[in-house]
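Student: My questions all concern the structure below.
The values are calculated or read from the model by the stated rules, or taken from the named source; none is laboratory data. Keep in mind that what you see is a predicted model, and the values were worked out from it rather than measured. Here the Cβ positions follow ideal geometry from the backbone for every residue, glycine too, while neighbour counts run over all protein chains shown. Keep in mind that these areas ignore ligands, DNA and RNA; they rest on the heavy atoms of the full protein, side chains included. Shrake-Rupley method; radii C 1.70, N 1.55, O 1.52, S 1.80 Å.
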Amino acid sequence: MFDHPIPRVFQNRFSTQYRCFSVSMLAGPNDRSDVEKGGKIIMPPSALDQLSRLNITYPMLFKLTNKNSDRMTHCGVLEFVADEGICYLPHWMMQNLLLEEGGLVQVESVNLQVATYSKFQPQSPDFLDITNPKAVLENALRNFACLTTGDVIAINYNEKIYELRVMETKPDKAVSIIECDMNVDFDAPLGYKEPERQVQHEESTEGEADHSGYAGELGFRAFSGSGNRLDGKKKGVEPSPSPIKPGDIKRGIPNYEFKLGKITFIRNSRPLIKKVEEDEAGGRFVAFSGEGQSLRKKGRKP
């Protein structure tokens with residue numbers, strides 16, 4: 001008598017069965033590709049009539065169940081413009097439920113807790129090419145109403161579809177993400193391998209040549225290196241000086257006036273030449289013994 005099943009009401013709970021189709025099967029001149037980018041479905045107007053008579057909480061959230069495969073997920077509703085007895089689902093949602101075109105799906109109204117944490121695992125290493133994956137995921141989740149642990153959701157970014165598996169949700173396995181403050185975490189992508197670190201084996205040449213007597217023979221030589229220009233050019237760079245021969249090095253003069261417990265700072269390595277003649281004043285201090293100078297030159301007045 002009826003072409004579509006009649007929704008049943010159990011204690012203010014909406015529950016009915018629909019034949020589901022993908023959004024591409026939706027008739028109409030308007031392009032509804034936006035439905036594929038989210039987690040919401042399109043239901044018939046009769047469902048809105050039944051839901052308006054029930055004392056349900058908003059936003060409207062539903063539990064979808066495929067009784068043949070015992071698979072379930074959760075979703076929101078976008079519009080009530082589908083034909084009677086039919087609902088339209090995103091393609092990724094039909095894959096999670098193992099549904100084919102025209103398959104039966106059980107739709108029930110539910111109340112879900114608000115999400116506080118969720119963890120995702122990209123299904124391809126290509127997801128790592130995105131510069132800011134958290135910002136991309138946050139923008140894509142605006143088209144979703146809820147998340148279910150174990151689902152593989154699909155997001156569209158730069159005309160490419162990325163699939164992510166919901167590994168964990170808190171505080172429950174199914175949560176609502178409408179107007180929530182949720183922490184997002186990522187697991188390693190499926191098939192991702194850590195890059196192998198290449199260990200460079202440097203050959204040690206310490207045992208090949210014995211330089212133990214080099215310091216004793218040549219001694220310390222300051223600024224013996226060569227200069228390099230920032231632009232890499234060799235112009236104006238003097239060649240490195242020729243090495244010092246051991247015969248050119250003179251032995252230092254010892255301090256014969258050294259006294260135990262006294263530190264002497266030698267300001268000049270050269271020996272001081274003693275003055276033979278001393279000043280007639282005997283080194284006494286004479287006040288105002290300098291000469292005055294004038295800034296203005298003296299000249300004859302005309």
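Student: Return the total of residues in segment 6-33 being surrounded by 14 or more Cβ atoms within 10 Å (Cβ to Cβ), modelled with pLDDT of 50 or more and not basic (Lys, Arg).
Tutor: Going through segment 6-33 one residue at a time, the tally reaches 10.
Student: Checking Gly150 against (1) more than 21 Å from His91 (Cα to Cα); (2) touching a residue at least 12 places away in the same chain (Cβ under 8 Å), only one condition comes out false. Which one?
Tutor: Answer for Gly150: the failing condition is (1).
Student: Go through the residues of segment 123-138 one by one and say whether even a single one is in contact with a helix residue (DSSP H, G or I) (Cβ under 8 Å, 6 or more places away or on another chain) and open to solvent by 40 Å² or more (accessible area, probe 1.4 Å).
Tutor: no
Student: For Met72, state whether it is within 29 Å of Tyr192 (Cα to Cα) and touching a Cys at 6+ places or on another chain (Cβ under 8 Å).
Tutor: Here the answer is no, as Met72 does not meet what is asked.
Student: Follow-up. Give me a count of the residues in segment 144-190 that are within 22 Å of Asp70 (Cα to Cα) and among the basic types (Lys, Arg).
Tutor: 2
Student: For segment 48-55, indicate whether the set of residues that are under 23 Å from Leu112 (Cα atoms), in the same structural domain as Leu97 (by the TED database) and part of a strand (DSSP E or B) is non-empty.
Tutor: No - not one qualifying residue is present in segment 48-55.
Student: Something else now. Residues that are over 38 Å from the mean Cα position of the chain (by Cα) and in a strand (DSSP E or B): does segment 68-87 have at least one? Write out each step before concluding.
Tutor: Of the residues in segment 68-87, the ones over 38 Å from the mean Cα position of the chain (by Cα) are 68-70, 80-87.
From what is left, the residues that are in a strand (DSSP E or B) are 86-87.
Yes, segment 68-87 contains a residue that is over 38 Å from the mean Cα position of the chain (by Cα) and in a strand (DSSP E or B).
Student: Please enumerate the residues belonging to segment 174-189 that are surrounded by 14 or more Cβ atoms within 10 Å (Cβ to Cβ) and either within 18 Å of Phe62 (Cα to Cα) or not aliphatic (A, V, I, L, M) (or both).
Tutor: Residues satisfying the conditions are Ala174, Val175, Ser176, Ile177, Ile178, Phe186, Asp187, Pro189.
Student: Restrict the check to segment 127-147 and report whether at least one residue is part of a helix (DSSP H, G or I), closer than 17 Å to Val23 by Cα and not small (Gly, Ala, Ser).
Tutor: The initial filter retains those residues of segment 127-147 that are part of a helix (DSSP H, G or I), namely 127-129, 133-143.
Checking the rest, the ones that are also closer than 17 Å to Val23 by Cα come to 143.
Those still in the list that are not small (Gly, Ala, Ser) too: 143.
Yes, segment 127-147 has at least one match.
Student: List pairs: first residue in segment 91-104 and in the same structural domain as Thr148 (by the TED database) and surrounded by 20 or more Cβ atoms within 10 Å (Cβ to Cβ), second residue modelled with pLDDT of 90 or more and in a loop (DSSP other than H, G, I, E, B) anywhere in the structure, Cβ distance under 8 angstrom, at least six positions apart or on different chains.
Tutor: That search, which allows pairs on different chains as well, returns nothing.
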